[in-house]
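Undergrad: One structure coming up, written as structure tokens, with questions to follow.
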Amino acid sequence: METGLFLLFASIAVVCGVNVVVQRHPINSAISLIGVMGSLAALYLLLGAEFMAATQIVVYAGAIMVLFLFVIMLLNAGEEPKGGRSWPARVLGIPLLIIFLGVMSFLIQRMVPETDQVVFGAFLKGDPKSIGTLLFSKYLLPFEVTSVLILVAILGAVVLARKEID
Amino acid sequence: MDGVPLSWFLILSAILFTLGVAGFLFRRNLITMFMSIELMLNGVNLSFIAFAYKLDQVDGQLFAFFVMVVAAAEAAVGLAIILTVFKNRSTRAVDEVTSMKYCPRPVNPQRIAEWSLRGCNG
């Protein structure tokens with residue numbers, strides 16, 4: 001059962017990922033990226049990370065991608081003009097990419113032993129209680145530093161987006 | 001067969017990361033380049049969570065959580081920058097954002113005409 005679920009969501013992720021890169025209008029890329037994030041959330045559930053799956057949907061697909069969509073609609077971004085790539089890039093780009101991915105897949109298959117299987121329900125530490133315990137004890141410093149990071153990001157966005165007062 | 005091999009998750013993560021890199025390098029639209037960065041970050045998150053499963057520790061998921069926080073902050077600031085660039089320039093192609101490009105004044109006086117046409121600042 002896990003194999004069928006994995007293949008379904010992995011193929012959705014790859015097809016939507018290719019669509020993000022290939023589509024000319026940014027709004028199509030944004031919708032495909034939401035599809036990638038949704039299928040990745042399902043894969044996180046398969047790996048026993050239920051908190052991360054919910055956070056992925058709420059934060060990534062629900063906040064960041066909506067921000068992207070707002071900006072695309074605000075800028076009224078149109079289709080990208082075609083062309084502009086050199087001749088070797090056009091011919092060799094995709095075959096080299098596929099060769100690179102083939103080599104990577106082969107190496108990964110050799111590194112990880114075949115007995116490492118992912119079974120749904122085998123990883124029980126992905127609940128919010130374990131994550132919270134670790135977040136506030138061992139990773140307390142990164143947690144506090146991210147609050148400073150978010151403050152800096154808010155300041156930056158506000159400064160960049162304000163009107164100039166003459 | 002009682003489950004999915006873990007290497008499949010890592011291969012999917014590599015595929016997503018490679019697609020993100022390809023999108024970042026081959027596209028000229030600023031917003032699409034940004035979305036390719038988000039695709040790369042998602043691929044890395046999947047890798048973190050797969051290794052959290054393999055090593056039976058939840059630290060990998062915490063790393064993915066921090067990656068997500070940083071991606072959110074970066075998306076906010078980056079989109080503000082894109083809005084400012086578009087407001088001042090009315091272009092979305094990254095090739096045309098050249099006002100800070102450094103290309104020194106050519107020594108040969110016959111090339112100065114095309115140098116000034118390229119929009120370089122000395």
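Undergrad: So A:Val21 passes all but one of these: (1) part of a loop (DSSP other than H, G, I, E, B); (2) at the interface with chain B (Cβ under 7 Å from one of its Cβ atoms). Which condition number does it fail?
TA: The one condition A:Val21 does not meet is (1).
Undergrad: Looking at A:Ile154, is it open to solvent by 70 Å² or more (accessible area, probe 1.4 Å), part of a helix (DSSP H, G or I), within 7 Å of chain B (Cβ to nearest Cβ) and in contact with a helix residue (DSSP H, G or I) (Cβ under 8 Å, 6 or more places away or on another chain)?
TA: So A:Ile154 fails the test.
Undergrad: For B:Leu25, state whether it is surrounded by fewer than 20 Cβ atoms within 10 Å (Cβ to Cβ), free of Cβ contacts under 8 Å to residues at least 40 places away in the same chain and not polar (S, T, N, Q).
TA: Yes, satisfied.
Undergrad: Inside segment B:7-21, can you point out the residues that are without any contact (Cβ under 8 Å) to a residue 24 or more places away in the chain, open to solvent by less than 10 Å² (accessible area, probe 1.4 Å) and within 17 Å of A:Cys16 (Cβ to Cβ)?
TA: Residue satisfying the conditions is B:Gly20 alone.
Undergrad: When you check B:Val4 against the structure, is it free of Cβ contacts under 8 Å to residues at least 24 places away in the same chain and crowded, with 19+ Cβ neighbours inside 10 Å, yes or no? Can you show your working first?
TA: Values: free of Cβ contacts under 8 Å to residues at least 24 places away in the same chain: yes; crowded, with 19+ Cβ neighbours inside 10 Å: yes.
Yes.
Undergrad: Inside segment A:123-137, can you point out the residues that are open to solvent by 60 Å² or more (accessible area, probe 1.4 Å) and facing another protein chain (nearest Cβ under 8 Å)?
TA: A:Lys125, the sole residue that qualifies.
Undergrad: Would you tally the residues in segment A:138-151 being over 18 Å from B:Ala80 (Cβ atoms) and either within 9 Å of another protein chain (Cβ to nearest Cβ) or touching a strand residue (DSSP E or B) at 6+ places or on another chain (Cβ under 8 Å) (or both)? Show your work before the answer.
TA: To start, the set of residues in segment A:138-151 that are over 18 Å from B:Ala80 (Cβ atoms) comprises A:138-148.
Okay, now just the ones that are also either within 9 Å of another protein chain (Cβ to nearest Cβ) or touching a strand residue (DSSP E or B) at 6+ places or on another chain (Cβ under 8 Å) (or both), so A:138-139, A:142-143, A:146.
Residues in segment A:138-151 being over 18 Å from B:Ala80 (Cβ atoms) and either within 9 Å of another protein chain (Cβ to nearest Cβ) or touching a strand residue (DSSP E or B) at 6+ places or on another chain (Cβ under 8 Å) (or both): 5 in total.
Undergrad: When residues of segment A:15-25 are filtered for being among the β-branched types (Val, Ile, Thr) and open to solvent by less than 40 Å² (accessible area, probe 1.4 Å), how many remain?
TA: Qualifying residue count for the region: 2.
Undergrad: Restricting to segment A:1-17, name every residue that is polar (S, T, N, Q) and more than 9 Å from chain B (Cβ to nearest Cβ).
TA: A:Ser11 - this is the single residue of segment A:1-17 that is polar (S, T, N, Q) and more than 9 Å from chain B (Cβ to nearest Cβ).
Undergrad: Consider A:Val59 carefully, then state whether it is of a type outside the set (Gly, Ala, Ser), facing chain B (nearest Cβ under 7 Å), surrounded by 20 or more Cβ atoms within 10 Å (Cβ to Cβ) and part of a helix (DSSP H, G or I).
TA: Considered against the rule, which asks whether it is of a type outside the set (Gly, Ala, Ser), facing chain B (nearest Cβ under 7 Å), surrounded by 20 or more Cβ atoms within 10 Å (Cβ to Cβ) and part of a helix (DSSP H, G or I), A:Val59 comes out as no.
Undergrad: Only one of these is more than 21 Å from the chain's Cα centre (by Cα) and within 7 Å of chain B (Cβ to nearest Cβ): A:Leu75, A:Leu92, A:Leu97. Name it.
TA: Exactly one of A:Leu75, A:Leu92, A:Leu97 is more than 21 Å from the chain's Cα centre (by Cα) and within 7 Å of chain B (Cβ to nearest Cβ), namely A:Leu75.
Undergrad: So which of A:Asn28, A:Asn76 is farther than 30 Å from B:Gly3 by Cα and open to solvent by less than 70 Å² (accessible area, probe 1.4 Å)? Let's see the steps before the verdict.
TA: Values: A:Asn76 fails: open to solvent by less than 70 Å² (accessible area, probe 1.4 Å).
Unique residue meeting the criteria: A:Asn28.
Undergrad: On the given criteria, is A:Val36 under 22 Å from A:Gly4 (Cα atoms) and open to solvent by less than 30 Å² (accessible area, probe 1.4 Å)?
TA: Against the criterion (under 22 Å from A:Gly4 (Cα atoms) and open to solvent by less than 30 Å² (accessible area, probe 1.4 Å)), A:Val36 qualifies.
The values are calculated or read from the model by the stated rules, or taken from the named source; none is laboratory data. Just so you know, these numbers come straight off a predicted model, no measurement behind them. Every residue, glycine as well, gets a Cβ built from its backbone with ideal geometry; the counts of neighbours run over all protein chains shown. Heads up: the accessible areas ignore ligands, DNA and RNA and are worked out on the full protein's heavy atoms, side chains in. Shrake-Rupley method; radii C 1.70, N 1.55, O 1.52, S 1.80 Å.
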